[in-house]
Amino acid sequence: MNSASLFKRTAVGGAILLASAAFSLGASAAALTVTFDNPIFGLTSDNPRSDLINLTTYDSGQVSRSIRTNAGRFTGVASEPTSDFKLGLLVDLDIGEAVRFAMYCYDLDQYISGGDPVRYTVEFDDELQRTRDFLGAVNAELNKDKSGNAVDPYAWLRPGSALAGAAIQIGIWESLYDTNSDWNIANGNFQVQANDLEAKTSDWLNQFFARLNNKDFLALSPESVIVLRSDSKQDMITGDPPGKVPEPGSLALVAAAGLGLMATRRRRAAK
């Protein structure tokens, strides 16, 4: 084996090894702390309260239960990100030293209270396609009167009213727990008694479901949504504007490409 061949194998092997290390480093769980607003459903003027659901029945796959809960858009302040996550990824409501952002519950098996600080792991591809479908339908409905203006891809995080936010939250739960049913809160693994909802919440929900059933929507891309996971508190789902900062998998690919380019240049220099 000549020295050029030996160098080629060594360079390629080293690049693969270093790329694997870069992937392991880049793929480590990103995390941040969220301190929820108190009141938890928001300090912003467009979201002053939630809608109270007196009886919600759902099946998480482990247990079926009925609970009394609230539906609405949560808000909180993000801080203490790990080095592989930038707070600028969040769809912020108010930029200061930390970021206040909006989110919805993506888990009914645990609880959370206003003022709670929660350490979350950031999952970049952990939401259901069914959830992205629903949120796409929400965007289509909320943006329908904006002809001629730029369409807001994060309208679902800026519903404009508490009862619209409540309808979005209920639809997210429907998307999460009723994976094998149609879009109907009257039956299936997730149910809400219709007479427990404010009339306007029901109206919004019916409009969102109509978009889904008519297939008059564009589903969100996986890159535009993140899920915040916790072992002890409710999981959350929020927006992730794509293109600002490479996500962990992308960082590994960039590193691998860079190492491959270095190896090519060295081979050319050795000739």
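Distance between the C-alpha centres of region 153-211 and region 216-243: 17 Å, rounded to the whole angstrom.
Atom-type composition of the exposed protein surface of region 133-244 places 45 percent of the accessible area on carbon and sulfur (1.4 angstrom probe). With K and R counted +1 and D and E -1, the other residues having a Cβ less than 12 Å from that of residue 181 yield a net charge of -3. Computed with every protein chain present, the accessible area of residue 36 is close to 10 Å² [probe 1.4 Å].
The values are calculated or read from the model by the stated rules, or taken from the named source; none is laboratory data. As the structure is a prediction and not an experimental result, all values here were calculated from the model. A quick note on method: Cβ atoms are made from the backbone with ideal geometry, for glycine too, and the neighbour counts reach across all protein chains shown. Note: accessible area is taken over every heavy atom of the protein model, side chains too, but ligands, DNA and RNA are not part of it. Shrake-Rupley method; radii C 1.70, N 1.55, O 1.52, S 1.80 Å.
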